[in-house]
Amino acid sequence: MQTDSGMIALFIVGGAFLLFTLIIALMYNSLVRLRNLIKESWSDVDTELKRRHDLIPNLVSAVRGYMKYESSVLERITQLRSMAQTSKPGEELAKMENEITGGLRQIFAVVEKYPELKSSTQVADLQRELVRTEDRIQAARRFFNGNVRD
């Protein structure tokens, strides 16, 4: 009789250990899956930022002739773009990207001042592409933030 209760206790301890191990394994797998999802969602943000970086030189060259007085804005955006392309993700990159966004808003405001520039199909197409890209950047950032929150 003593042996039966010892075996039962051994099965209970073994079962508890097995259950604990299973829970740890499932938690680990879940954390790895979330980490990979976060990396994937950041790559979506990064892809859209690169797309914006590729569009900026085209916009700058299209409006350069009209923006003689605002050339410092064009130079600053070009400089920030170069720095952002070589930066690693982090606060510094986020600050540069915010400055790029502000500079693009200034360029769009200048485009509104010049009717012949506003009516240029090249500039209009670039503006539309940049606005779409900005929207996709925001969507990718929301997706990334949601994954990080999870």
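Based on alpha-carbon positions alone, could you give the equivalent ellipsoid semi-axes of the stretch 96-150 from the gyration tensor, as √(5λ), descending, whole Å?
29, 12, 6
Figure the gain on full extension for Ser82 and Ala94 (residue separation times 0.36 nm, minus the Cα-Cα span) and round it to one decimal in nm. Working shown, then result.
Values: separation 12, 0.36 × 12 = 4.32 nm, distance 1.40 nm.
Stretched out fully, the Ser82 to Ala94 stretch lengthens by 2.9 nm.
How compact and how long is the stretch 17-150, expressed as Rg and Dmax of its alpha-carbon atoms in Å?
Considering the stretch 17-150 through its Cα atoms, Rg and Dmax are 20.2, 76 Å.
Hey, what number do you get for the chain at 222 nm if only DSSP H runs of n ≥ 4 count, each worth -39500 (n - 2.57), divided across all residues, to the nearest 500? Walk me through the numbers before you get to the answer.
Working: 5 runs with 134 residues, N = 150.
-32000 deg cm²/dmol, from helical runs alone.
Assuming a strict under-21 Å limit between Cα atoms, what lysine pair count do you get for the chain once near-sequence pairs (fewer than 8 apart, same chain) are dropped?
Taking the chain as the scope, the lysine pair count is 7.
Can you tell which of Asn98, Asn58, Asn29 shows the greatest fluctuation in a Gaussian network model of the chain with Cα springs below 10 Å?
Top of the fluctuation ranking is Asn29.
Around Arg141, with a cut-off of 13 angstrom between Cβ atoms, what is the net charge of the other residues, counting Lys and Arg +1 and Asp and Glu -1?
-2
With a 1.4 Å probe and every protein chain left in place, work out the accessible area per residue of the chain in Å², rounded to a whole number.
68 Å²
Using every pair of alpha-carbon atoms in the stretch 1-50, split the distances into 5 Å bins beginning at 0 and state the percent of pairs per bin, rounded to integers.
4, 18, 11, 12, 9, 8, 9, 6, 6, 5, 4, 3, 2, 1, 0
Share of the chain's accessible area from carbon and sulfur, percent, 1.4 Å?
On the way: 6160 of 10210 Å².
Taking all protein chains in place, the chain shows 60 percent carbon and sulfur surface.
According to a simple spin-label model (label point 7 Å from Cα along Cα-to-Cβ), what is the distance in nm between Ser30 and Asn145?
According to this spin-label approximation, the distance is 2.5 nm.
The values are calculated or read from the model by the stated rules, or taken from the named source; none is laboratory data. Here the structure is a predicted model, which is why all the values come from computation and not from measurement. With ideal geometry, Cβ positions are generated from the backbone for all residues, glycine too; neighbour counts draw on all protein chains shown. We work out accessible area using only protein heavy atoms, side chains counted, and drop any ligands, DNA or RNA first. Shrake-Rupley method; radii C 1.70, N 1.55, O 1.52, S 1.80 Å.
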